[in-house]
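S.K.: Can you keep this structure in mind? I'll have questions shortly.
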Amino acid sequence: MTPPVSDVSAVLSRADLLAALQLQYDWGVDEALCEMPVDRLSEATPQLPPRVGTERQDFAQHLPAALSGGDGARRMPAKAAGVSASGLSGRAVEEAPDLPTLMRLTEAPGDLFLARTATHRLEPVFVEGAPFMLIGEAPDADEDRSGTLFAGEGGALLEKMLRSAGLERGGISMAPALPWRPPGGRTPSDAEMQACLPLLLRTIALCRPGFLVTMGVTPLKMLVGPDAAVGRMRGRWTDVSVPGLATPVPLLPMRHPLQLRASAAARRNAWQDLLILMEKLSPEE
């Protein structure tokens, strides 16, 4: 006879319970069902949140709109930067004088959804004199476990790509598009990208790279616009405006290293883009 739900733990081993918990974590479960039935028909019909606009907002106003709380699902918790609701403003992040201060201002407490579900926060890597900055996707499982940018197989493939262009990983500045992995590795929402955009922009401004190389669609959408697509834009340079920098920064979109496994065409595109990158790095005659 099947035991009651309340007695399930009595017939499952500790390893089984931990495995079930890990499975729910990987699926992105963030809410437990109550034991008592709920009459959903008696509840008011939920109102859908407004769609996130496609217009680029002013940088100084962008962070409060995304993080200060308020009505609508597009707004993030007011304490998303690790300080009280009244202690953070977009200007505070915009005027952060260095990366350590920026990281401290944007520490995420438990009430930021991505920070609650992620294992580690990825932080940018600044290399003095680096020729460019590499911007990766939202963290994958390897990056989330290790807290290291481009970890695991993606990192190994990246290093091979860089070596083919005469570069070493240790000589390149890097930053994540989002510092925290979305639950279950799902695609980041528009609101999540909007919330993390000011941090990415300020990171670029503080590192002042000569140009940017984005790997994957998420950083490209955040920096260029929601309609940007790697397949349509790769192979050519695009200028992006970054608050705090006097001139636009050239950006080269590339596929993420893990996408090279998809097809021979993906690997051919990656090599073509590496040739464009090497041409940019070669001294002008």
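The values are calculated or read from the model by the stated rules, or taken from the named source; none is laboratory data. Model, not experiment: these values are computed from the prediction. Cβ sites come from the backbone with ideal geometry, for glycine too, and all protein chains shown count toward neighbours. With ligands, DNA and RNA removed, areas are computed over all heavy atoms of the protein, side chains included. Shrake-Rupley method; radii C 1.70, N 1.55, O 1.52, S 1.80 Å.
S.K.: For residue 260, what is the net charge nearby, where nearby means another residue's Cβ is under 15 Å from its Cβ and Lys, Arg count +1, Asp, Glu -1?
M.R.: Working: positive: 160, 163, 234, 255, 261, 267, 268; negative: 137, 140, 153, 159, 273.
Counting the neighbours of residue 260, the net charge comes to +2.
S.K.: Turning to a different aspect of this structure: For segment 235-285, what % of the accessible area comes from carbon and sulfur atoms, probe 1.4 Å? It would help to have the intermediate numbers written out before the result.
M.R.: Numbers: 1570 of 3030 Å².
C and S atoms contribute 52 percent here.
S.K.: Using just the Cα positions, wrap segment 183-254 in a convex hull and report its mean projected area in square nanometres, one decimal place. Working shown, then result.
M.R.: Working: hull surface 20.1 nm².
Over all viewing directions, segment 183-254 projects a mean Cα-hull area of 5.0 nm².
S.K.: What order, most packed first, do the peptides 139-149, 13-23 have when packing is the mean number of other Cβ atoms within 10 Å of each residue?
M.R.: So the order, starting with the most tightly packed, is 139-149, 13-23.
S.K.: Report D for segment 105-244 in µm² per second (integer): Stokes-Einstein, Kirkwood Rh on Cα pairs, 10 °C, 1.306 mPa s.
M.R.: Working: Rh = 15.5 Å.
So the translational diffusion coefficient is about 103 µm²/s.
S.K.: Using the Karplus equation 6.51 cos²θ - 1.76 cosθ + 1.60 (θ = phi - 60°), what ³J(HN,Hα) coupling, rounded to whole Hz, does each residue of segment 141-150 give in order, writing x for Gly and Pro?
M.R.: Each residue of segment 141-150 in turn: 4, 5, 5, 5, 5, 8, x, 10, 5, 6 Hz.
S.K.: So if we plug the beta-carbon distance of residue 16 and residue 187 into 1/(1 + (r/R0)^6) with R0 = 41 Å, what FRET efficiency do we get, rounded to 0.05?
M.R.: Values: r = 31 Å, r/R0 = 0.75.
The pair residue 16/residue 187 has a calculated efficiency of 0.85.
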